[in-house]
Number of protein chains: 2
Amino acid sequence: MNPILVDVLRGSTVESTHSGAFAIVDGDGALVASLGDIQRPIFPRSAIKVLQALPLVESGAADRLQLTDAELAIACASHNGEPEHVATALGMLKKAGLDAGALECGTQWPGRESVLRGMFSRQEQAGPLHNNCSGKHAGFVCVACQLALAGGSDPAEFTRGYIRAEHPLMREVGAALAATTDTDLAKAPVGTDGCSIPTYGIPLRQLALAFARVATGQGLAPERASAARRLRQAVARAPFMVGGTGRFDTDVMALLGERVFCKVGAEGVYCASLPEQGLGVALKIDDGNARGAEVAMAALIEAFVRLGDAERQAMTDFSAPVLKNWNGIEVGGLRAGAALLSLNGSTAQ
Amino acid sequence: MNPILVDVLRGSTVESTHSGAFAIVDGDGALVASLGDIQRPIFPRSAIKVLQALPLVESGAADRLQLTDAELAIACASHNGEPEHVATALGMLKKAGLDAGALECGTQWPGRESVLRGMFSRQEQAGPLHNNCSGKHAGFVCVACQLALAGGSDPAEFTRGYIRAEHPLMREVGAALAATTDTDLAKAPVGTDGCSIPTYGIPLRQLALAFARVATGQGLAPERASAARRLRQAVARAPFMVGGTGRFDTDVMALLGERVFCKVGAEGVYCASLPEQGLGVALKIDDGNARGAEVAMAALIEAFVRLGDAERQAMTDFSAPVLKNWNGIEVGGLRAGAALLSLNGSTAQ
């Protein structure tokens, strides 16, 4: 059993708990800190979108289509489906000469009341552009078009079926994931992700290694190291695109800029690169709950990243969020468990 | 650490797990089955609304106001805030000579997209009637008015502040909870619930005892046994009121009628009465996740309630729900863990 990483309190009583595991690895692959089982393969889900976006830069598609920071950022995003997200993903497809019909991620209604309210007031129907993965998929389509042009194929026709594991686009994406995590995906457990692409089971230790490489460029060819840096910087410059209103990744990266690249995944996964420390982080909450993953990630950022006083104060909104009830009364909160709080990141800095 | 009660699968791989504990007790208070720690106090939250509604019948308010089955059912409910729920809770308040202004549960926007869509299309603002607890609070107001009339007070004035632990209404509600669970609430951990009333920490074993008493009437004065039966039957006759469209409690009780009274609580709690077996059930998922609590409760119903073939087949939608992604592709599902599946309820029947 993994240790408790996060406590949920009501009054002064622990009401619920979230157990889990995490690994922190440096650019040489050395394990800097960990708790729990970091060798069992876990599905990283959307936490690895930056790794899946590497071919977007490496293939030359980003340069040829003159993709902006906002467009590169949304290629790494799980966004709220707000109007800016929908427009940005559509803009990428148009640059590639296609439209929303090329997306194979499926239709997702946004989950936020404020976004739904806006859509209903405009009598707007949800489509694949509202899917939280539409930017990643728009990036996939851009790479597929690049591959088509290189091979003399018709882009629209070549792109079709890009979500299948055996499509040339998805083989490129899988190769980037395999190389950065040092994992043989042919031997990994495989499932189908929410957006219909394959998701592979990879140990937290290997995921942390990949994010240490994204942080440092160590262990990557120069073109890949450069692509990783460009994607990290794009997200730091356009953090709204990676999530949206009220989202942990958007708010933390708006606060800390290039010093933290963090990305949530479904079912309680979080990955992060800490470039100043040269570290990669990967964690999973056993029960899949996002609230636990966010508090654990915030606690790890507090333990390992050098923060100013104001930044440290601001981070408590994420590492120790307050729970209020329907009358606005404070009824409890979340906090990192003892095992996480005892971590001291100073040895790693 | 409590055992794993529910596995979440993606493909054939366990992606996430939910650990927890449960107790099943008979009308004599004997423990029939359990897993995990059933002595630690847990906050039962909304799972005990039927116990909190006992004074509504016992006080004579239900008879004097000629409350219908739908009205008694919504007093035990955590509803979706659908138009029928809003109208029913308002109707109870009007019978008592008051209106929505008497409710102190706070405003809650419904969480379901279909309900929100309807509200937005009608340009309807959320208010306390939309709060999932508005029926319980309408019942509280009815009892408070009954107490006011008995004491010669002005109902509207007397009712004010009914959510406070020291208000005569809340003392009645607390007394019913203490007596049915054999718990000294003065020594119990206390927190504030989502709707601002106190919630007390009570062991699962004691909660299961209370629901066995609701199932059998054993250990209750005749008036209380009769009130419990009347509330159970009201919910069985008007199951939409206890939850609403697409809700576990509504659908399971519509399927099984009076043979199961079950009620969800926030943070992964479930309680149930199984009248045919004379049993009470109480469970909590450690991480507070409702999906885990639902699957565990469905598995316990399958293990302990006599089901026909069609009913058993229909219950698999709840005990082994399928997960589909945004393209409608089946990507996994939930299932009871080995510890739950090995239970054999036949010894208790």
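The values are calculated or read from the model by the stated rules, or taken from the named source; none is laboratory data. Computed from a predicted model, the values in this text were never measured in an experiment. For neighbour counting, all protein chains shown are included, and Cβ atoms are generated from backbone atoms with ideal geometry for every residue, glycine included. We work out accessible area using only protein heavy atoms, side chains counted, and drop any ligands, DNA or RNA first. Shrake-Rupley method; radii C 1.70, N 1.55, O 1.52, S 1.80 Å.
Data overview
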{"quantity": "From B:116, B:93, residue being crowded, with 18+ Cβ neighbours inside 10 Å, facing chain A (nearest Cβ under 9 Å) and either under 21 Å from residue B:56 (Cα atoms) or touching a helix residue (DSSP H, G or I) at 6+ places or on another chain (Cβ under 6 Å) (or both)", "calculated": "B:116"}
{"quantity": "Flag for residue A:290 being within 14 Å of chain B (Cβ to nearest Cβ) and without any contact (Cβ under 8 Å) to a residue 40 or more places away in the chain", "calculated": "yes"}
{"quantity": "Residue list for segment B:161-214, filter: in a loop (DSSP other than H, G, I, E, B) and under 21 Å from residue B:269 (Cα atoms)", "calculated": "B:182, B:183, B:184, B:188, B:189, B:193, B:194, B:195, B:196, B:197, B:201"}
{"quantity": "So residue B:268, is it open to solvent by less than 10 Å² (accessible area, probe 1.4 Å) and within 12 Å of another protein chain (Cβ to nearest Cβ)", "calculated": "yes"}
{"quantity": "Among (1) part of a helix (DSSP H, G or I); (2) under 17 Å from the mean Cα position of the chain (by Cα); (3) of a type outside the set (Asp, Glu), the one test that residue B:225 misses", "calculated": "(2)"}
{"quantity": "Scan of segment A:99-113 for residues that are in contact with a Pro (Cβ under 7 Å, 6 or more places away or on another chain) and open to solvent by less than 50 Å² (accessible area, probe 1.4 Å), ordered by number", "calculated": "A:100, A:103, A:105, A:106"}
{"quantity": "Failed condition for residue B:296, given (1) surrounded by fewer than 22 Cβ atoms within 10 Å (Cβ to Cβ); (2) within 14 Å of chain A (Cβ to nearest Cβ); (3) over 14 Å from the mean Cα position of the chain (by Cα); (4) not hydroxyl-bearing (Ser, Thr, Tyr)", "calculated": "(1)"}
{"quantity": "Residue, farthest from the other protein chains (Cβ to nearest Cβ), within segment A:99-113, restricted to residues that are modelled with pLDDT under 90 and assigned to a loop (DSSP other than H, G, I, E, B)", "calculated": "A:112"}
{"quantity": "Residue count for segment B:128-140, restricted to those that are under 11 Å from residue B:90 (Cβ atoms), in contact with a Leu (Cβ under 8 Å, 6 or more places away or on another chain) and not hydroxyl-bearing (Ser, Thr, Tyr)", "calculated": "3"}
{"quantity": "Subset tally (residues that are within 11 Å of residue B:103 (Cα to Cα) and open to solvent by 30 Å² or more (accessible area, probe 1.4 Å)) for segment B:119-141", "calculated": "1"}
{"quantity": "So residue A:144, is it over 30 Å from residue B:117 (Cα atoms), crowded, with 24+ Cβ neighbours inside 10 Å, more than 14 Å from chain B (Cβ to nearest Cβ) and small (Gly, Ala, Ser)", "calculated": "yes"}
{"quantity": "Among (1) open to solvent by 10 Å² or more (accessible area, probe 1.4 Å); (2) within 12 Å of another protein chain (Cβ to nearest Cβ); (3) under 30 Å from residue A:133 (Cβ atoms); (4) in a strand (DSSP E or B) - the single one residue A:332 does not satisfy", "calculated": "(3)"}
